[in-house]
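Peer 1: Mind having a look at this structure? Questions to follow.
Laboratory data are not the source of any read-out in this text; all were calculated from the coordinates shown. This structure is a prediction, so every number in the text was calculated from the model and none was measured. Positions of Cβ are backbone-derived with ideal geometry, glycine not excepted, and every protein chain shown enters the neighbour counts.
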Amino acid sequence: MDLIKKERELVWLQILYLFLIPILLLYLKVITSNFRIILLLAITLLLYGITRYENWNNKDFGIQQDWKKYFWQYVIFTILGVVFLVALEELEIAKPFLNWWKNAKFLLLFIPLSVAQELIFRGVLMNMFRRVFSNPLFIIVLNASLFSLMHIIYLHSYFVLPVTFIGGIGLAWMYYKYENLVLISISHTILNFVGMILGFFVIR
């Protein structure tokens, strides 16, 4: 029991130092938005290093050999997510991202960033939470809350935070129920793409 308590305390410290403090520094512009990609990469590498030190294997990350097992569940989830995002466009919160195909930075980065987010939030964090917490609802809500909070650096946070929290609940639930890092990364990439071209995610 003492071991679980210590592991839980360690997870809370990792949340504080690897998520909350960096997000706060970005939000307060102590770290400028130009460095957010470097920061995300550094956090990804650090978390990966921690998990390798703890001898995680591919299964611990949710990397399944039989990636087709839950294929249709993820297809349905992704379609519903796209419909949800397109429906939100009716609120006219943001302007569509026109000529996105001409933006080299967007084309080069949105896929790696989506995959990195899934590696961090589902591949690492979700499995850390599973090791120290027993309540699935708490794990999913905590995961979605941290995922949503990361988006506070975007404009229209009154809109972006609830939307990413709902999306985070969906992504966390899907991963918890149908654990597959490859499929959740593809789904997130598609949803990220739709959200970006609809103009929902614009850095402050």
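Peer 1: If I build a Gaussian network model for the chain, linking alpha-carbon pairs within less than 10 angstrom, which residue out of Y53, Y17, Y178 has the largest mean-square fluctuation?
Peer 2: With Cα springs under 10 Å in the chain, the top fluctuation among Y53, Y17, Y178 is at Y53.
Peer 1: How big is the range 2-197 by Rg and Dmax over its Cα atoms, in Å?
Peer 2: 16.8, 56
Peer 1: Compute the signed sum of charges (Lys and Arg +1, Asp and Glu -1) over the other residues within less than 15 Å, Cβ to Cβ, of L181. The partial results should precede the final answer.
Peer 2: On the way: positive: K59, K68, K69, R122, R130, K177; negative: D60, D66, E118, E179.
Every neighbour counted, the sum reads +2.
Peer 1: Which of the lysines could a cross-linker span from K59 if the Cα-Cα distance has to be under 28 Å and same-chain partners fewer than 8 positions apart are dropped?
Peer 2: K5, K6, K68, K69, K177
Peer 1: Can I ask one more? Go through the range 8-58 and name the trypsin sites (Lys or Arg not before Pro) that are in a DSSP coil and have 15 or fewer other Cβ atoms within 10 Å of their Cβ.
Peer 2: Numbers: sites: R8, K29, R36, R52; in loops: K29.
Filter output for the range 8-58: K29.
Peer 1: Now for a separate question. Give me the Kirkwood hydrodynamic radius of the range 66-167 in Å, from all C-alpha pairs, to one decimal place? Each step should come with its number before you reach the end.
Peer 2: Details: mean 1/r = 0.0628 Å⁻¹.
Here the Kirkwood hydrodynamic radius works out to 15.9 Å.
Peer 1: At most 15 other Cβ atoms within 10 Å and a DSSP loop assignment: could you name the GluC sites (Glu not before Pro) in the range 1-78 that fit?
Peer 2: Numbers: sites: E7, E9, E54; in loops: E54.
Hits after loop and neighbour filter: E54.
Peer 1: Would you mind checking the tilt of helix 181-197 against the longest principal axis of the Cα atoms of the chain, expressed as 0 to 90 degrees and rounded to 10?
Peer 2: Relative to the chain, helix 181-197 is tipped by roughly 30 degrees.
Peer 1: Report the one residue of V163, L13, V86 whose Cα lies farthest in the direction of the positive end of the charge dipole of the chain (charges on C-beta: Lys and Arg +1, Asp and Glu -1; origin at the Cα centre).
Peer 2: The listed residue farthest towards the positive side: L13.
Peer 1: Which of the listed residues, F61, L142, L98, is farthest toward the dipole's positive end in the range 2-197, when Lys, Arg count +1 and Asp, Glu count -1 at the beta-carbon?
Peer 2: After comparing all options, I get F61.
Peer 1: Continuing with the same structure: Using each residue's phi in the range 152-168, evaluate 6.51 cos²θ - 1.76 cosθ + 1.60 at θ = phi - 60° and report the 3J(HN,Hα) Karplus result to the nearest Hz, with x for Gly and Pro.
Peer 2: 5, 6, 8, 5, 6, 4, 4, 9, 5, 5, x, 5, 6, 5, 4, x, x
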